[in-house]
1. Can you find a residue in the stretch 375-389 that is modelled with pLDDT under 95 and either surrounded by 19 or more Cβ atoms within 10 Å (Cβ to Cβ) or not polar (S, T, N, Q) (or both)?
2. When you go through Val184, Val210 one by one, which is the residue that is buried (at least 20 other Cβ atoms within 10 Å of the Cβ) and modelled with pLDDT under 95?
3. Could you please find all residues in the stretch 46-104 being at pLDDT below 95 and more than 16 Å from the chain's Cα centre (by Cα)?
4. If I go through the stretch 373-418 residue by residue, how many of them are in a helix (DSSP H, G or I), β-branched (Val, Ile, Thr) and under 22 Å from Tyr346 (Cα atoms)?
5. Looking at Lys364, Lys343, Lys336 in this structure, which one is open to solvent by 30 Å² or more (accessible area, probe 1.4 Å) and closer than 20 Å to Ile16 by Cα?
6. Which of (1) over 26 Å from Ala247 (Cβ atoms); (2) surrounded by 22 or more Cβ atoms within 10 Å (Cβ to Cβ); (3) out of contact with any strand residue (DSSP E or B) (no Cβ under 6 Å at 6 or more places or on another chain) does Ala97 not meet, given it meets every other one?
7. Could you say which residue among Val218, Val175, Val158 is farther than 30 Å from Ser304 by Cα, at pLDDT below 95 and buried (at least 17 other Cβ atoms within 10 Å of the Cβ)?
8. Filter the stretch 126-178 for residues that are part of a loop (DSSP other than H, G, I, E, B) and under 25 Å from Glu100 (Cβ atoms) and give the result.
Amino acid sequence: MKVLVVGSGGRCHAIIDAIKRSKPTTKVFVAPGNDGMRDSAEIVPINETEIDKLLKFAKENKIDLTVVGPEASLEKGIVNLFEREGLKIFGPTKEAARIETSKSFAKELMEKYQIPTAGFKTFAEYDEATAYAEALAKADSFPIVIKYDGLAAGKGVVIAETLSRAKETLREMLVEDKFGDSAVVIEDYLEGPEFSFMCFVDRENVYPMVLAQDHKRVFDGDLGPNTGGMGAYSGVPLVTLEDEAEALERIMRPVAKALVLEGVPFKGVLYGGLIKTKDGIKVIEFNARFGDPEAEVVLPRLESDLLAVFFSVIEGSKVRLQWSKDYTVGIVLASKGYPQDYKKGYPIRCLEHVEGHVYHMGTKFDGQDYVTNGGRVLIVVQKADTLFEAQQKALKDCEKIDCANLFYRRDIGSKSLIK
Ligand code: AMP
Ligand code: GLY
């Protein structure tokens, strides 16, 4: 069996690890990957958005299955292209992936099918958007949330506390076209703990994974700017079984059904970024792929054969999922300065002393050592019978890693522990 995994970060490393765990003899290729994956996969120097080159590679190397990590490849239409050429690929089509790539598409779908989410309006014109923001300010409805309509590498969401911040954001997005020339969505601010609910979806069939919680802010106590994610844990005690059932029945199943009814059936991983408000569970956003760093803490708990799951979704047969009962905590080690400017090239030593899993997010091998090569560099994942124990083991592992330019949060998992 030959598998091609598309993507480069910790999520891809975790997918590769889960594939190798269930079928060790699988030959895995990763494009573009990073050097940290070279023990378990062959690195292919093709970028995730070069879909014609990826197709050529898959054909020439007789790849049996391609698995797509990032949304950028989905938006380019990698699944449409591979399917048209008769190749097996795991992920949604470009049209179904709009649930992630267009905020207005997602919001309008939720409105039409009464899936609980924050109230919203879409604007293409700066004047109309600012008039709306002014009206909300007069009605004392701040903070408000302003979202760029297209993909913006995690930077397209601004929570505006004041009218002047709102206007500045609207100017950047609608006048200066900072991310491109799409519209914006202005939505109500929701309050409560957030969690990530990923499901394998084959049209209207929804197979839930165990829950996870991401940590988007850079510093302990959720301080500092947003990042791509500084860590996650799985097994989320602050979300009850009733909450989970509500999320499945009122959100994840209905949205899968809605996509079928709209003529854009979804196949792949549907990710609900959900929030537990005092009025019930609501949707913050959907993604059309595994979350990163959620995949790194969820997949290690999967006891079923991940390759069999991918094939079942593609072929439309029943998916069987078995999960371990333990908790996982994943702590991201990032370059000092991230998410702003940071330097690369610092050697990382003593990785061999880490007892948990180490997934490489942004590293390079310089012939002697792994060196830092990105904002987020590594994620260390530990498992235990309790969340506290998993957190402590992961922290201990982080302390063993010797690198002059890395930092990490010490409170991944604490929100559920305090609870
Ligand atoms: P996103 O880039 O869509 O994942 O959004 C980034 C973060 O912004 C989310 O994880 C939330 O913490 C926050 N956010 C987005 N929409 C809302 C909302 N309507 N109310 C409160 N916070 C939000
Ligand atoms: N962890 C959030 C995301 O993958 O978008």
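The values are calculated or read from the model by the stated rules, or taken from the named source; none is laboratory data. For clarity, every value in this text was computed on a predicted model and none was experimentally measured. Glycine gets a Cβ as well: all are built from the backbone with ideal geometry, and neighbour counts include every protein chain shown. With ligands, DNA and RNA removed, areas are computed over all heavy atoms of the protein, side chains included. Shrake-Rupley method; radii C 1.70, N 1.55, O 1.52, S 1.80 Å.
1. No; the residues of the stretch 375-389 include none that is modelled with pLDDT under 95 and either surrounded by 19 or more Cβ atoms within 10 Å (Cβ to Cβ) or not polar (S, T, N, Q) (or both).
2. The match here is Val184.
3. Selection gives Ser104 alone.
4. 0
5. Lys364
6. (1)
7. From the options Val218, Val175, Val158, the qualifying one is Val158.
8. Pro143, Asp149, Gly150, Leu151, Ala152, Ala153, Gly154, Lys155, Gly156, Glu176, Asp177, Lys178
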